[in-house]
1. Within the set of other residues whose C-beta is less than 11 Å from the C-beta of A:Asp11, count the net charge using Lys and Arg as +1 and Asp and Glu as -1.
2. Quote the FRET efficiency, to the nearest 0.05, computed for D:Ala44 versus A:Asp11 with a Förster distance R0 of 51 Å and r equal to the Cβ-Cβ distance.
3. Nm distances between the label at E:Asp30 and the same-position labels in the remaining copies, 7 Å along Cα→Cβ, shortest first?
4. What's the long-distance tail for chain F, i.e. % of Cα pairs beyond 20 Å?
5. In vacuum, with every alpha carbon of the range D:67-130 counted as one equal point scatterer, what does the Debye formula give for log10 I(q)/I(0) at q = 0.17, 0.18, 0.22 Å⁻¹? Two decimals, please.
6. Starting from the 7 Å offset along Cα-to-Cβ, what nm value, one decimal, do you get for the label separation of B:Asp21 and D:Glu124?
7. Compute the normalised compactness of the protein assembly as shown: alpha-carbon radius of gyration over 2.2 N^0.38 Å, N being the residue count.
8. Whole angstrom only: what separates the Cα centroid of the range C:87-105 from the Cα centroid of the range D:110-127?
6 protein chains.
Amino acid sequence: MPTYPLIEYADAGPEVRAVYDDIMATRKIDWINNFWKALANDPALLKRTWEDIKQIMAPGALDPLVKEMIYVAVSVTNGCQYCIASHTAGAKKKGMTPEMFHELMAVVGMANESNRLANGYQIEVDEAFK
Amino acid sequence: MPTYPLIEYADAGPEVRAVYDDIMATRKIDWINNFWKALANDPALLKRTWEDIKQIMAPGALDPLVKEMIYVAVSVTNGCQYCIASHTAGAKKKGMTPEMFHELMAVVGMANESNRLANGYQIEVDEAFK
Amino acid sequence: MPTYPLIEYADAGPEVRAVYDDIMATRKIDWINNFWKALANDPALLKRTWEDIKQIMAPGALDPLVKEMIYVAVSVTNGCQYCIASHTAGAKKKGMTPEMFHELMAVVGMANESNRLANGYQIEVDEAFK
Amino acid sequence: MPTYPLIEYADAGPEVRAVYDDIMATRKIDWINNFWKALANDPALLKRTWEDIKQIMAPGALDPLVKEMIYVAVSVTNGCQYCIASHTAGAKKKGMTPEMFHELMAVVGMANESNRLANGYQIEVDEAFK
Amino acid sequence: MPTYPLIEYADAGPEVRAVYDDIMATRKIDWINNFWKALANDPALLKRTWEDIKQIMAPGALDPLVKEMIYVAVSVTNGCQYCIASHTAGAKKKGMTPEMFHELMAVVGMANESNRLANGYQIEVDEAFK
Amino acid sequence: MPTYPLIEYADAGPEVRAVYDDIMATRKIDWINNFWKALANDPALLKRTWEDIKQIMAPGALDPLVKEMIYVAVSVTNGCQYCIASHTAGAKKKGMTPEMFHELMAVVGMANESNRLANGYQIEVDEAFK
């Protein structure tokens, strides 16, 4: 159960509604997912987080699908169930094929493994990488 | 200091040398970085890890630069100093521009933040994402 | 499902009951939460953990509500569902308002983000901070 | 070594200088620490991160010292060396005494321990905490 | 809900069936757990992961029960619910008694605590340990 | 640099010296490592941590070497440099051979990998493991 009630559009004040409207317009969808409804308990946090994500996830030097897959990689590494579910759905919507997902998981798994081998063998950084 | 001495090519047995040769041929380089020299203390681990990485990081549904950036995203999330240094160098070599790196970091930072907001507000997964 | 059955007061031996009694007396409550009932499978672990927590969470240089919020911050960072739920409830009971919780989450989120930016940009510690 | 050179004030463009000036004015200091000099390689990231931190760390329902200690708790849990050093220094400057630091560490250690006991014993959340 | 459907034996191709057969033969069981059924969406990942695990978990310098308990220790530290459940079951099957589990948890909890104390007090490695 | 100065035996009060004496007697050594010298800034933390570790790491259902290797597994997973160095040294002293260390690392690496595969494929716990 959420720590605080989810704030539905009908019950939201103008500040929260403005963010909800921008989320739906930007993403071309007609609903708001629970993440935003939970953050809406703190309108300042909602607004700041949305504006940051909107700016960060926009097309740039990396395309939005690559960004979404990086988001999945981090969420899987941290074991955040909500974020894994929502960003995997987001990546599929942006065109991630099963083959892309399988390769993503293979890299994430391998990186988590080799991170620990580097830790455990106490390997010093090569001069060439400094 | 490494847990066990780094194994140089000159001191390596044939099993280790065969892996070293394949690493250099595959990556078109003429030196071996410390990660492999440390793992060479266990030739079976060296061989298995290299064969996995070679298979996983090869071009496929995702291009090698995207895979390298995912590797960086995981290593940064875990705080593995060796892997951050080596895979950032690897990504630069494969064509990562400063702009790409900055966007990569922005997404990694944001994902680590929103993972905790989702945890802390105890947000339940939307039906639409299941 | 728990790894081992929860030990209810009625089924507990004298060593476990003594800890349960002290928990209820110290916290001025009349029930025992699942964490302790699970640990009671190992009476030595139960006793040691309770005595440590009792000592650590007592009023001191930091007030108990601040300590409880720090506990939440760690649990959210680690993604421990049980601990998030129980310590958020504990903090509310000790007087955490919604405004305090929102600010707590904002700091936890920001810290998790900037930790990764510091990792990813491989930033060296300033002399002034050493 | 940082991934990109640190940007000194003298070498910074007007956008970066404006942030540096605001950091120094807000914190009443006359120097910029490496975290910001590294982020300045991406002026948009620098500006966004500073504005978020300025807003989040300002006095509110929680006092700035409590916020700084929460920042330390997260950084210690994640093992981020730079952030531990800089935010411990920041907390001392805001009035953290040795006694407060010792209690902070005791809570952080205990929370990290009990998070794993809750995981390992697979303890279900009590109805009372939902 | 799994990201992709679980692949049952009856619906699997020959490559996947060969792995399933080897898992059942090696472990002397007549069913396949969900981990493998999920990975079977990517037959190459399934085969590689199984061959690695088969090689790594075989008797060697460490006995299989010790290996299984180390697997539990890592999974508990990472908070991976699936892996905690499956490897705790695996360890019990290999002979882990309640007393062994309790001691395992005590060490895992203590290590997670002291890891953070070492981080927070910024303790330098003794010369004798280098 | 440590957050607070290391407390040497010569400068320690009777409460700290009593712990130092017990550490040296229990471990049959004639020096104190930095972990304890740092914790000695808070005599209550020093005493509580030492008594917990002494009790937890004593021979029991698991032998001390297995416990030490579990400690290494956790420390490697968390990336705690101090703890990796000190507990790897401790395990070697208790009889860990290179072959045992290599197998330990292989299991730790594999577990970290498969934890993320289980997360990413969002695999539900089998009924048989509940």
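1. Numbers: positive: A:Arg17, A:Lys37; negative: A:Glu8.
With Lys, Arg at +1 and Asp, Glu at -1, the net is +1.
2. Working: r = 34 Å, r/R0 = 0.67.
After rounding to 0.05, the efficiency reads 0.90.
3. Those separations, rounded to one decimal, come out as 5.3, 5.3, 6.3, 6.5, 8.3 nm.
4. Working: 4740 of 8385 pairs.
Beyond 20 Å sits 57 percent of the P(r) for chain F.
5. -0.66, -0.70, -0.87
6. If labels sit at B:Asp21 and D:Glu124, their model points lie 6.0 nm apart.
7. Working: Rg = 25.1 Å, N = 780, 2.2 N^0.38 = 27.6 Å.
Normalised Rg, Cα atoms only: 0.91.
8. Using only Cα atoms to place each centre, the spacing works out to 20 Å.
The values are calculated or read from the model by the stated rules, or taken from the named source; none is laboratory data. Computed from a predicted model, the values in this text were never measured in an experiment. Cβ: placed from backbone, ideal geometry, glycine included. Neighbour counts: every protein chain shown. Note: areas computed on protein heavy atoms with side chains; ligands, DNA, RNA excluded. Shrake-Rupley method; radii C 1.70, N 1.55, O 1.52, S 1.80 Å.
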